[in-house]
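Before any comments, here is the structure.
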Amino acid sequence: MYTLIIILVIIAAIVLFAISTYNKLVALRNRFKNAFAQIDVQLKRRYDLIPNLVETAKAYLKHERETLEAVILARNTAAAANQKVAADPADASALRGLMGAETALTGAMGKFFALSESYPDLKANQNMAQLSEELTSTENKIAFARQAFNDSVMTYNTARESFPAVVLANPLGFQEAQLFEITAPVERENVKVSF
């Protein structure tokens, strides 16, 4: 009789542990999905600003059609990749696709702004200045949202990989989440300062 009670208590403890672990992992997964939703909002805002910026610059950059088209193509590619990730932020391959598309967009925008520096009338345009300021503000918001997402992913992955949750994580379908990192070569270069 005592043996049966002890066995039932052990089984109940294991079931409660499994339920608790499952609920914790679900909460952490939902937290990083919500954190991606915040990135998604800012990326959509940026994707909406870019065509306005290009449209404003078109009159001044008539001979630079290739650069303008590259920016719009990179923007459309990134927007499509973002939609795939927004559908399932836990999909590591979709997130890697978005990171690649965002790197390409960052490069195209860098070329666009470098080119716009050669056109003083464009730099002086009030609409261009306002759009550039909004884009800069949005970029900062994206950086903060990306940091919050990566923090949530790290918390989720740590909980998922910690014992004893690691025993249940894979069988219950909790796969490792991917960090959102944009790797633009420019970000890795040393800053050049001259006086």
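The numbers here are math on the coordinates, done by the rules we state, and not lab data. Everything numeric in this text was worked out from a predicted model, so none of it was measured. Cβ: placed from backbone, ideal geometry, glycine included. Neighbour counts: every protein chain shown.
Observations, loosely collected:
- Normalised contact order of the chain, rounded percent, pairs of Cα under 8 Å and 6 or more residues apart: 33
- Counting only Cβ charges, +1 for Lys and Arg and -1 for Asp and Glu, the dipole size of the range 18-181 around its Cα centre is about 360 debye.
- Among the listed pairs Lys84/Lys141; Lys24/Lys141; Lys44/Lys123; Lys58/Lys141; Lys84/Lys111; Lys33/Lys84, those with a Cα-Cα distance over 18 Å are Lys84/Lys141; Lys24/Lys141; Lys44/Lys123; Lys58/Lys141; Lys84/Lys111.
- Calculated P(r) tail over 16 Å for the range 1-103, as whole % of Cα pairs: 69
- Farthest towards the positive end of the charge dipole of the chain, among the residues Phe113, Ala37, Tyr2, is the Cα of Tyr2, using unit charges on the Cβ of Lys, Arg, Asp and Glu.
- For the chain, alpha-carbon Rg relative to the globular expectation (2.2 N^0.38 Å, N residues): 1.44
- R0 of 41 Å, Cβ-Cβ distance Ala114-Asp151: FRET efficiency to nearest 0.05: 0.80
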